[in-house]
Amino acid sequence: QKDMLATQEEINNKEFTGKSSIVTVKMNGKKELLDVKIDIAQIEADDVELLQDMIVVAVNDAINQINKETEAKMGKYTQGLPGMF
């Protein structure tokens with residue numbers, strides 16, 4: 001259990017970068033949004049909907065990375081216990 005807690009803490013402290021074509025986000029392993037960067041040069045003045053969509057894509061990309069890493073690292077502790085993480 002000590003190893004499991006250490007592994008979870010390692011994931012919580014790691015930063016994950018999610019990307020779409022014009023947006024980059026950083027999140028920690030606790031799925032907290034830390035930073036958003038927007039490539040403003042690629043956005044037309046009236047293209048707010050595209051920007052909103054790209055933020056969603058980037059955030060979901062980062063969350064998927066967190067989920068994959070959590071499952072990969074924590075799966076050995078939760079075998080046979082579905083839905084733990």
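One table, with the values for the structure above:
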read-out: Label zone at LEU50, where the point sits 7 Å out along the Cα-to-Cβ direction: the range 11-44 residues whose backbone N lies under 19 Å; value: 19-25, 37-44
read-out: FRET efficiency for LEU5 and LEU34, using Cβ-Cβ distance with R0 set to 25 Å, rounded to 0.05; value: 0.65
read-out: Apportionment of accessible area to carbon and sulfur, the chain, percent (1.4 Å); value: 51
read-out: Estimated vicinal HN-Hα couplings, Hz - the range 9-16 in sequence order (Karplus 6.51, -1.76, 1.60; Gly, Pro = x); value: 5, 4, 5, 4, 8, 6, 9, 10
read-out: Over the chain, relative contact order from alpha-carbon pairs under 8 Å, at least 6 apart, %; value: 31
read-out: Gaussian network model of the chain, Cα within-10 Å springs - most flexible of ALA41, ALA62, ALA72; value: ALA41
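The values are calculated or read from the model by the stated rules, or taken from the named source; none is laboratory data. Worth saying up front: this structure is predicted, and the values here are computed from it rather than measured. Cβ: placed from backbone, ideal geometry, glycine included. Neighbour counts: every protein chain shown. Side chains included, ligands, DNA and RNA excluded: accessible areas come from the protein's heavy atoms. Shrake-Rupley method; radii C 1.70, N 1.55, O 1.52, S 1.80 Å.
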